[in-house]
Amino acid sequence: MSRYAPVPFPQVKLEGQFWHERLDTVLDRTVPSQHKKLAEVGILDSLKLPNPPPPLRFPRHSNGFTVQVFWDSDVGKWIEAASYALAHRRDADIEAKIEAAIDDLEKAQAPDGYLNCWYLGREPDKRWTNLRDNHEMYNAGHLLEGAVAYFQVTGRRRFLDVMERYLDHIYATFGTGPGQRRGYDGHEEIELALMKLYYLTGERKHLDFATYMINERGNQKPHYFDIEREQREGGGDKRQPYVFPNYEYSQSHKPVREQDKVVGHAVRAMYLYTAMADLAAELNDDGLKRACEVLWDDVMETKMYVTAGLGPSAHNEGFTHDFDLPNQTAYAETCASVALIFWAQRMLHLDLDGKYGDILELAMFNGALSGLSRDGEHYFYANPLESDGTPTRWEWHTCPCCTMNVSRLVASVGQYFLSTAPDGVAFHLYGGIASDVEIAGNRVSLREVSTYPWSGDIAIHVDPETPAAFDVKLRIPSWCKGAKVAVNGQAVDASETENGYLTIHRTWQKGDSIALDLPMPPERLYAHPGVIMDAGRVALKRGPLVYCLEEVANPGGRVQRLKLPRSAELRVENRPDLFDGIVALKAEATALDESDFQQLYRTTPPRENTSNLTAIPYFLWANRAQGSMVVWVPEAREC
């Protein structure tokens, strides 16, 4: 197992334009507007336990379920995102809003520590009776993550105390001891939150309960969810029949160490695997580590979109079968890509293998970031790879999980750049950061300067307080061919990498610098033939960015009319006039001519005219005029 651990987010300052712009937007617009929406739809009022409770804002589905059962989680994620934002810039108004929410949660908490505003306010006699569907532990997990983040930034532990009282209640209720219930969550989340609390406090009970939750999952016959269902129905409650054919939906169909195919709800799966990887590292558990590796390979080889989107199906918000990756109907939930980043980071720290850093980066710049608009107040829940122009970004959602998930990711993005060990530092991402870290008993100031992802020209300044010998590891992305490295102007052999990292070991002194050049010419990507939706099509990529054709940049009709000849040169075009400066791609193309096609079918093909195409980074689509979009572009034989 790797000895490297991430540098905490409060210790990493974002300086590069790309992430600084995104961060400023989240601070200035996203976090405040999200709080306003939480108030408008009644989520904040629900914390006050109004008596009598008001009518449901979102009526029950046919199976008896309403999204209001997980409103607590939205508050927890907002507090987490807002706390990360405070680490960059303190804001008295945001802090007051967080404190007000904590006031309500503290007042709502039951004398025995239980804290779930749905059950306390509406069904106090039914708490812990439906772990399968009703998200009690999921809510607790997100509240806990918010409490941990708020403490890390402010040092205030009132919310943490509230959550630790709740956890003591949960620990007394569930487990394998006499009188305890052998239950676990239907929607995984609390497991990874418990690991965060364990890392913060060092208290073994949090690690032990996370271990119990992982080990118990799918490990009972009869299944625990069947046991609780029979207890509910025995009491006359026949609501909420399970709408899925089996427990693959919640990854509880078999013990986690026996699972070798990624199935079910994509976000639940990613949260589960994140916690599994955490435990594998902490407990040196080779069985869990091997299970994570097998599941990772299954996702990478058969189930991930080129944008690092996950889950093709809206029916289960998740996975179907191998190579089922439709473009226009892709679900690819923003939350799933965010959660993939969590998992990738944990896998990266098992062995410090750059293949996990590659996916972390891919998901960060594409599948996740596409979920947040440039103005910071509009979102995508699903992220299709092709559009007829119908989908638009929305201001809010009946299930607003993705809104706070993407904002908490952006506000905490600094924690993904660097890791340290007693004898070294590893750079996983680039984009302009500064941090002071401890290495080899020495305080070391690090500064990485770049305009990444637009350019691979990177400078790293290493300034130890006193001369010290240690490793500096640089991730060389798998997409990069011909990387060049120099230390203080002296070339270093960049071909000698291990698991995607170049290690530079030397006695570092003040003023030392590394020049890293990662060439990023545009390239074409082709899908496995099993992905029949992409047969005869090509995707465009430059560095970590996947590109798309958008109608506003390719006027004249739907972008699906355009074809890219295999021999056409892909040209890089700097566009300072777009989105504060981006790199676009240009190429000669052909375009189907619809003007002479008067009937639905005919025996001769449509005429093809010479044309051009312009591609922009996928994460930026749907920020201008409404219109069609495509990632996988049809190939033409020749211009």
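T604: out of contact with any strand residue (DSSP E or B) (no Cβ under 9 Å at 6 or more places or on another chain) and hydroxyl-bearing (S, T, Y), yes or no?
Values: out of contact with any strand residue (DSSP E or B) (no Cβ under 9 Å at 6 or more places or on another chain): yes; hydroxyl-bearing (S, T, Y): yes.
Taking the combined requirement at face value, the residue satisfies it.
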Could you check, for region 473-491, whether at least one of its residues is touching a strand residue (DSSP E or B) at 6+ places or on another chain (Cβ under 7 Å), at pLDDT below 95 and more than 25 Å from N366 (Cβ to Cβ)?
no
Among the residues listed as T392, T403, T451, the single one being under 30 Å from V552 (Cβ atoms), buried (at least 22 other Cβ atoms within 10 Å of the Cβ), of a type in the set (S, T, N, Q) and in contact (Cβ under 8 Å) with a residue 24 or more places away in the chain
T403
If we scan region 59-70, do we find a residue that is under 30 Å from S412 (Cα atoms), assigned to a helix (DSSP H, G or I), in contact with a Leu (Cβ under 9 Å, 6 or more places away or on another chain) and of a type outside the set (S, T, Y)?
yes
Filter region 585-617 down to the residues that are among the polar types (S, T, N, Q), in contact with a Ser or Thr (Cβ under 8 Å, 6 or more places away or on another chain) and surrounded by 14 or more Cβ atoms within 10 Å (Cβ to Cβ) and list them by number.
T590, S611
Can you pull out the residues in region 481-501 that are touching a residue at least 40 places away in the same chain (Cβ under 8 Å), buried (at least 17 other Cβ atoms within 10 Å of the Cβ) and either touching a Cys at 6+ places or on another chain (Cβ under 7 Å) or not in a strand (DSSP E or B) (or both)?
G500
So P422 passes all but one of these: (1) in contact (Cβ under 8 Å) with a residue 40 or more places away in the chain; (2) within 26 Å of I616 (Cα to Cα); (3) of a type outside the set (S, T, Y). Which condition number does it fail?
(2)
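Among residues belonging to region 581-625 that are more than 26 Å from the chain's Cα centre (by Cα) and closer than 30 Å to E21 by Cα, point out the one that is modelled with the lowest pLDDT.
Here is the first cut: in region 581-625, the ones more than 26 Å from the chain's Cα centre (by Cα) are 585-614, 625.
Okay, now just the ones that are also closer than 30 Å to E21 by Cα, so 585-587, 613-614, 625.
On the way: L585: 98, K586: 98, A587: 98, L613: 98, T614: 98, A625: 89.
Among those that are more than 26 Å from the chain's Cα centre (by Cα) and closer than 30 Å to E21 by Cα, it is A625.
Here's a check for you: in region 506-560, which residue that is touching a Gly at 6+ places or on another chain (Cβ under 7 Å) and over 27 Å from L592 (Cβ atoms) is surrounded by the fewest Cβ atoms within 10 Å (Cβ to Cβ)?
Taking region 506-560 as the starting set, the residues that turn out to be touching a Gly at 6+ places or on another chain (Cβ under 7 Å) are 517-520, 543, 550-552.
Within this subset, residues satisfying the condition of being over 27 Å from L592 (Cβ atoms) are 517-520, 543.
Details: D517: 16, L518: 26, P519: 13, M520: 23, G543: 23.
Among those residues, the one meeting the criterion is P519.
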What pairs come up if the first residue lies in region 1-14 and is in contact (Cβ under 8 Å) with a residue 12 or more places away in the chain and not assigned by TED's automatic domain parsing to the domain that holds V425, the second is outside any strand (DSSP E or B) and of a type in the set (S, T, Y), and their beta carbons are under 7 Å apart, counting only those six or more places apart or on different chains?
F9/Y84; F9/S412
Complete set of residues in region 143-189 that are among the aliphatic types (A, V, I, L, M) and buried (at least 17 other Cβ atoms within 10 Å of the Cβ):
L143, L144, A147, V148, A149, V153, L160, V162, M163, L167, I170
Would you confirm whether or not region 37-50 contains a residue that is under 25 Å from V413 (Cα atoms), at pLDDT 95 or above and out of contact with any strand residue (DSSP E or B) (no Cβ under 7 Å at 6 or more places or on another chain)?
yes
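Filter region 356-384 for residues that are aromatic (F, W, Y) and in a helix (DSSP H, G or I); which is nearest to H428 (Cα to Cα)? Let's see the steps before the verdict.
From region 356-384, those aromatic (F, W, Y) are 356, 365, 379-381; that's our starting set.
The next check asks that each one be in a helix (DSSP H, G or I); those that pass are 356, 365.
Details: Y356: 10, F365: 14 Å.
Ranking the candidates gives Y356 first.
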Among (1) over 28 Å from A280 (Cβ atoms); (2) under 15 Å from the mean Cα position of the chain (by Cα); (3) of a type outside the set (A, V, I, L, M, F, W, C), E395 falls short only on (2)
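Criterion first (outside any loop (DSSP other than H, G, I, E, B) and under 25 Å from L192 (Cα atoms)) does D28 satisfy it? Lay out the reasoning, then the answer.
Working: outside any loop (DSSP other than H, G, I, E, B): yes; under 25 Å from L192 (Cα atoms): no.
In short, no.
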Against the condition of a type outside the set (K, R), touching a helix residue (DSSP H, G or I) at 6+ places or on another chain (Cβ under 8 Å) and surrounded by fewer than 18 Cβ atoms within 10 Å (Cβ to Cβ), how does D463 come out, does it pass?
no
Restrict the check to region 206-218 and report whether at least one residue is farther than 19 Å from V256 by Cβ and surrounded by fewer than 16 Cβ atoms within 10 Å (Cβ to Cβ).
no
Please go through region 305-329 and pick out each residue that is surrounded by fewer than 24 Cβ atoms within 10 Å (Cβ to Cβ) and of a type in the set (A, V, I, L, M, F, W, C).
V306, A314, F323
Go through (1) assigned by TED's automatic domain parsing to the domain that holds Y618; (2) not in a loop (DSSP other than H, G, I, E, B) and name the single condition I504 misses.
(1)
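The values are calculated or read from the model by the stated rules, or taken from the named source; none is laboratory data. Note that the structure is predicted; figures quoted are calculated from it, not measured. Neighbour counts run over all protein chains shown; Cβ positions are idealised from the backbone, glycine included.
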